Amino acid sequence: MSEQRATLLIVDDDAWFSDTLTASLDSYVVIRTPDPDEVFDLIERHHPDLIIADVMLGARNVFALLQEMQSYLDTRDIPIVILSALAGQIDLDDVKQLGIQAVLDKAEITPETLVDCINDVIRSKKGLAP
Amino acid sequence: MSELEGSAVAVAHELKTPLVLLRQLTLSLERSDNVSEQLEIIKRLRFTSERSLRLVDSLTKTARLEDALFELEPVQLHTVCVSVVDELSPLAKAHKQHLKLRSIHQPLVAVGNRELLSSLLSGLIDNAIQHNPIGASVEIASKIHHGEAVLTVRDFGSTIDLSDFRALKDSLGKRALPISSRPMSSGLGLFIASQFLAAMDGRLSVQRHYSGGMTFSAHLPLSRQLSLLEV
């Protein structure tokens, strides 16, 4: 029996960038939204194994959303990967308490490095060695 | 951070966004073996590079403003709107959006510079497309209001927090530092629009909508050259 595919939730308001990401993540079930207000509803409906989020989202930045997620028992353990053009300005140690497991630069990622990172984070969540 | 450093950071951030997308689209193109997908990616590459070029062009014009290279003349706002809407409609369509033009008062002749007005309107519409949801329209209107010629561009993006809105209003025309309220934008585009309007004795204003989205308005002096009304 094949292993169940992991579900990823992409939160990014750049539709075209989001399209290119989704195309390179065909080994996962991918859910997308540009709107941080939809995130809790999508979590409830799809139970994502991991969230990939940009920092700047419409009228809000992602950190307010992540703080809210940390305040709920049911959402605080969902691992977050930040994917942003501002990655160079974010220190992972400063944001780990928001559930962020990795910070990737949009200007540097390739499909392969993104998939490697996702797999590492999911394996780590399951208690497996990366 | 000095004003120069702040501007350099804003320019760098603003140019990085389309460059990041261009790189990602190129990677997708390399991987794709589907012709219709390749054609769609190529179209997006073209629109994204054109967007970057418009920004660079506007930045160049901003640098030339002080040399007074842009003469003021009577300009038919409807003509400018039609031309810019024609140019940007394919971009809106590629984002599954629609540009809706309403010329409420016609003929409407303002005192301005056609080239600056076209760049300013392009920038505002471009900004609106980036913040608008799929399927929505960007509404462009020209009208007379309180004795001024006014060009408005409305998007239907997320509702902006009041505190962010106040910060945005306060910063209009003063600086091009990061504005958290309109991400994907360092505020540079709005700063440029304000500079263009100031060079034409005009000003930029902004309103938010309870139902979502923002309206940016360019206010310009009305022309009193009635003979041009039939142009």
- prompt: Considering the stretch A:23-59 alone, what residues qualify as being more than 10 Å from chain B (Cβ to nearest Cβ), without any contact (Cβ under 8 Å) to a residue 24 or more places away in the chain and part of a helix (DSSP H, G or I)?
  reply: A:Glu38, A:Asp41, A:Glu44, A:Arg45
query: Do any helices (runs of 4 or more DSSP H) entirely within the stretch B:1-113 hold 3 or more residues that are of a type in the set (S, T, N, Q) and away from chain A (no Cβ under 14 Å), and if so, which?
result: B:35-64, B:77-94
- prompt: Looking at A:Leu8, is it touching a residue at least 24 places away in the same chain (Cβ under 8 Å) and either basic (Lys, Arg) or more than 10 Å from every other protein chain (Cβ to nearest Cβ) (or both)?
  reply: yes
- request: For B:Leu121, indicate whether it is among the hydrophobic types (A, V, I, L, M, F, W, C), outside any strand (DSSP E or B) and within 13 Å of another protein chain (Cβ to nearest Cβ).
  value: no
- request: Tally the residues that are within 12 Å of chain B (Cβ to nearest Cβ) and either part of a strand (DSSP E or B) or of a type in the set (Asp, Glu) (or both), restricting the search to the stretch A:80-104.
  value: 3
- request: Could you list all residues from the stretch B:47-66 that are of a type in the set (Lys, Arg) and surrounded by 14 or more Cβ atoms within 10 Å (Cβ to Cβ)?
  value: B:Arg51, B:Arg54, B:Lys61
task: Consider A:Thr75 carefully, then state whether it is within 20 Å of B:Leu22 (Cα to Cα) and of a type in the set (S, T, N, Q).
output: no
- prompt: Only one of these conditions is not met by A:Ala107: (1) within 26 Å of B:Leu15 (Cβ to Cβ); (2) part of a loop (DSSP other than H, G, I, E, B); (3) in contact (Cβ under 8 Å) with a residue 40 or more places away in the chain. Which number is it?
  reply: (3)
message: If I filter the stretch B:78-103 down to residues being among the aliphatic types (A, V, I, L, M) and in contact with a His (Cβ under 9 Å, 6 or more places away or on another chain), which single residue comes out as farthest from B:Glu139 (Cα to Cα)?
response: B:Ala92
field: Among (1) more than 18 Å from the chain's Cα centre (by Cα); (2) surrounded by 14 or more Cβ atoms within 10 Å (Cβ to Cβ); (3) farther than 30 Å from B:Leu220 by Cβ - the single one B:Leu72 does not satisfy
entry: (3)
- request: Could you tell me whether any residue of the stretch B:129-147 is surrounded by fewer than 18 Cβ atoms within 10 Å (Cβ to Cβ), more than 27 Å from B:Glu40 (Cα to Cα) and among the small types (Gly, Ala, Ser)?
  value: yes
task: Of the numbered conditions (1) touching a helix residue (DSSP H, G or I) at 6+ places or on another chain (Cβ under 6 Å); (2) at positive phi, B:Lys96 fails exactly one; give the number of that condition.
output: (1)
query: Has the stretch B:47-59 got at least one residue that is modelled with pLDDT of 90 or more and among the aromatic types (Phe, Trp, Tyr)?
result: yes
- line: When (1) among the small types (Gly, Ala, Ser); (2) in contact with a Leu (Cβ under 8 Å, 6 or more places away or on another chain); (3) at the interface with another protein chain (Cβ under 10 Å from one of its Cβ atoms) are applied to A:Ala15, the one that fails is (2)
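The values are calculated or read from the model by the stated rules, or taken from the named source; none is laboratory data. Fair warning: this is a prediction, and the values are worked out from it, not measured in the lab. As a convention, Cβ positions derive from the backbone with ideal geometry for all residues, glycine included, and neighbour counts pool all protein chains shown.
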